[in-house]
Number of protein chains: 2
Amino acid sequence: MEATKRHRRKMQSVTMMDVAERAQVSPSTVSLYLRKPDAVSATASRAIAEAIDALKYVPNLMAGGLAAASSRAVSVIVPSVRNAFFAETVATMQAELGRERLQVMLGHSEYSEREEENLVKMALSWKPAAIVLTGLSHTATTRRLLKESSVPVVELWELGREPIDMAVGFYHEQVGSTAATHLVQRGRKQLLYIGARLQEDRRAALRADGFLRTARETDGVTAEIIEHPAPASAAIGAMLLAEAIKKYPDADAIACSNDHIALGVIFECQRIGISIPERLSVIGFGDLSFSGACNPALTTIRPPGDLIGTEAARLILERIRSFEHPAPQVIDTRFTLLQRQSS
Amino acid sequence: MEATKRHRRKMQSVTMMDVAERAQVSPSTVSLYLRKPDAVSATASRAIAEAIDALKYVPNLMAGGLAAASSRAVSVIVPSVRNAFFAETVATMQAELGRERLQVMLGHSEYSEREEENLVKMALSWKPAAIVLTGLSHTATTRRLLKESSVPVVELWELGREPIDMAVGFYHEQVGSTAATHLVQRGRKQLLYIGARLQEDRRAALRADGFLRTARETDGVTAEIIEHPAPASAAIGAMLLAEAIKKYPDADAIACSNDHIALGVIFECQRIGISIPERLSVIGFGDLSFSGACNPALTTIRPPGDLIGTEAARLILERIRSFEHPAPQVIDTRFTLLQRQSS
DNA sequence: TTCGTAAATCGCAGCGCTATGATTAGCCCA
DNA sequence: TGGGCTAATCATAGCGCTGCGATTTACGAA
């Protein structure tokens, strides 16, 4: 019937133009209505809303992002969402940002700065509204890319050195220090720190540092560290406790790099008949779902994973809304010592 | 100096055109090189690669997505990534899809079909390469939107009714049935199922159904259920165990809706002096990080969260690569009974 | 009634890339 | 040496939307 047209293209069934036509306004007005509803008259708003509804219009964010040179996506890069800490933060951020119709794009660095750099490059391709990283350690290239990009950047879960742009978290040395102080106050003298994967998990290593420093600064108190390269788990915790007791039979307190380890310690103590807290005090980090229900209930330090998420989301939203006040750059969320039965 | 131009636009520093110019080829060739490297000659490839490197070109995926009417994003919607099961799957999918430069966009339905529907609408705005949902229950609108969209859809973690498009998971009734059979084989007669949030967590409810049905079909075996509306946790598990023992003092086996609950059961039994497995067998679901390290080690059923992720990613990639063979629609990943000390 | 001003609305010109079909280069064999 | 083919490359025409400035409308004051 027809000669083949030179060019044909796929298309979206309903576009903004269709909505405009039905609502008897220009596409510009529809666009305005979608982006800044307050700038459109009540009459027009009603007509446009009706048209959108009737046509089941779905905006094309790719087109919008291209035209605006920035998307409604926020790239969030964490070591792994398998880790309950980061899961909490990611979940909270998604909820907060989703409310403003911002999409969370997720990436896992698996504790590798190299991999993180790749993810940042990918993320930049999306012209994200913001990029969220975990920690303050990144490759030089990562830092350069982000500084050059002028995309808002938030670094989570760690304070200390200068952030690229904004940071939300707490000082991990302080966590270790707080744990040591607590154990000393409970009358303990021979402290042990047991940790997993301190090479990869820089923040766990910082906690260990703070713990050892504070303990050793105290008169009459000794502190040693026992570590293992495997990822933190209860099984590793149990193993390390056995090893620790063999090596330091007179130890009277154990701080664990996180609550998984501490759980293993508790179980192993049950097995070999060490009573907690009489003979051994135990303190963890994380306040995981089981920590309060252990036997004995685990004394631990709770990092505010959800607060970190909400604060990060807040910073991002403020930054997006106005270029003016570049918000406080660094937010210290603190952490909480929860004293329970194990110490 | 200059009259203001009518229009000015923001722009990306380095575009594909810049690369083309430096490499002495047309933009089309650069585009082709990026999408199908094999279709470009070695000479051109080298020149283009050099130019990309020298100019530090970063492709604009928004522009690409708009032109191609489909993006490199995969929307993944789970009840919550706080749940270790879904975290595992999400992490695995991100790794697998990231390898092919597909971006995971994350959404949390918080166990609400209504919220899931909103997330699906948002997702569709991005013209995703695929949409991944959890479970087979969705609102009618969700199903309609997805069917009309012609976007590949994968439903995870549950088999049973007809999927929208593809599905990867297992039968939760079978999980319950397997648990019941196992306990009966261990000589148990008075079985109890304790579960949390069975109203919201449809899959947990299915497991309970399968458990009760199989148990009650067995001669000489009784089975009761005890539930609680709060989210699963060790604390709830401990509470429910206490309640269960009061109500059914002669019960000799407990199946838990997941390992968090089971952990609470173990701790509570320790406290009130019930020996596991002598007096009471315990079986969980999930094989969480602590399950093998408990005291006693927990018998549980392991769902293959990682396998679900890899299989889903594989289906998506196959579907993207070719429209031809619409792959097997449903993949049953099965699950594994891990018998340990608690039963 | 007319004008000035603010509030609404509109028209234009792309954003940076890809799909398509057309064109050119490369190469084997007769 | 030329024909016939395949492999490479290219030019074109948008994809659907937004930012900007221009234009129109609304409305009270003079």
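The values are calculated or read from the model by the stated rules, or taken from the named source; none is laboratory data. All values derive from a computational prediction rather than experimental measurement. All Cβ positions, glycine included, derive from the backbone under ideal geometry; neighbour counts span all protein chains shown. Side chains are part of the model used for accessible areas, which takes the heavy atoms of the whole protein and leaves out ligands, DNA and RNA. Shrake-Rupley method; radii C 1.70, N 1.55, O 1.52, S 1.80 Å.
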task: Determine the relative contact order of the range A:192-248: mean sequence separation of Cα pairs under 8 Å and six or more apart, normalised by residue count, in whole percent.
output: 44
statement: With the label set 7 Å along Cα→Cβ, residue A:161 is separated from its counterparts in the other copies, in nm and shortest first, by 5.4
statement: Over chain B, the sum of -39500 (n - 2.57) across DSSP H runs of at least four, divided by residue number and rounded to 500 deg cm²/dmol, gives at 222 nm -14000 deg cm²/dmol
task: Quote the total accessible area buried by chains B and A together, excluding ligands, DNA and RNA, probe 1.4 Å, nearest 100 Å².
output: 4900
- request: Would you mind calculating the relative contact order of the range A:16-59 from Cα pairs under 8 angstrom and at least 6 residues apart, reporting the percent as a whole number?
  value: 43
- request: Apply the Karplus parameterisation 6.51 cos²θ - 1.76 cosθ + 1.60, with θ equal to phi minus 60°, to every residue of the range B:299-313 and state each ³J(HN,Hα) to the nearest whole Hz, in sequence, with x for glycine and proline.
  value: 6, 7, 10, 9, x, x, x, 6, 4, 4, x, 5, 5, 4, 4
- request: Could you work out how far apart the two model spin labels at residue B:35 and residue B:230 are, taking each label as a point 7 Å from the Cα in the direction of the beta carbon, and quote it in nm?
  value: 5.5
field: Nearest-ten-degree value, helix A:42-55 long axis tilted from longest Cα axis of chain A
entry: 80
task: Using R₀ = 35 Å, calculate the FRET efficiency as 1/(1 + (r/R₀)^6) where r is the Cβ-Cβ separation of residue B:248 and residue A:278; round to 0.05.
output: 0.50
- line: Residues from the range B:75-117 losing no less than 40 square angstrom of accessible surface in the full protein assembly compared with the chain alone, 1.4 angstrom probe, ligands and nucleic acids excluded, are B:81, B:82, B:91, B:94, B:101, B:103, B:105, B:106, B:108
query: Against the longest principal axis of chain A, how steep is helix A:259-272, in degrees 0 to 90 to the nearest 10, with axes from Cα atoms?
result: 30
- request: Show the residues, 5+ positions off or on another chain, whose built amide H is closer than 5 Å to the amide H of residue A:338.
  value: A:300, A:301, A:302
- prompt: If contacts are Cα pairs under 8 angstrom and at least 6 residues apart, what is the relative contact order of chain A in percent?
  reply: 14
- request: Compute the Cα gyration tensor for the range B:172-302, then decide on rounded, prolate or oblate, letting a ≥ b ≥ c be the square roots of its eigenvalues: rounded whenever a/c is under 1.5, prolate when a/b is larger than b/c in the other cases, and oblate in all that remain.
  value: rounded
- line: Interchain or sequence-distant (5+) residues whose placed amide H lies within less than 5 Å of the amide H of residue A:193 are A:224, A:225, A:226, A:255
field: Distant-in-sequence amide H partners of residue B:153 (H built 1.01 Å from N, under 5 Å)
entry: B:131, B:166
- line: Phi-derived 3J(HN,Hα) across the range B:206-220 with the Karplus relation (6.51, -1.76, 1.60, θ = phi - 60°), rounded Hz, x for Gly and Pro, is 5, 4, 4, 4, x, 4, 5, 4, 4, 4, 6, 6, 8, 5, x
message: Using a label point 7 Å beyond Cα on the Cα-Cβ vector, give me the inter-copy distances for residue A:27 in nanometres, one decimal, shortest first.
response: 1.8
query: Once both labels are modelled 7 Å past Cα along the beta-carbon direction, what's the residue A:13-residue B:219 spacing in nm?
result: 5.9
query: Once phi is turned into ³J(HN,Hα) by the Karplus curve 6.51 cos²θ - 1.76 cosθ + 1.60 with θ = phi - 60°, what whole-Hz value does each residue of the range A:176-183 show in order, with x for glycine and proline?
result: x, 4, 4, 4, 4, 4, 4, 5
- prompt: Which percent of the accessible heavy-atom area of the range A:172-302 goes to carbon and sulfur, probe 1.4 angstrom?
  reply: 47
query: For the range A:40-57 and the range A:120-157, what is the separation of their Cα centres, given in Å?
result: 38
Nm distances between copies for residue A:144, ranked from closest, using label points 7 Å along Cα→Cβ: 5.4
message: Could you report the accessible area of residue A:248 in Å², rounded to 10, computed with a 1.4 Å probe on the protein chains as they sit in the structure?
response: 60
query: How far is the Cα center of the range B:282-343 from the Cα center of the range A:59-91, in Å?
result: 27
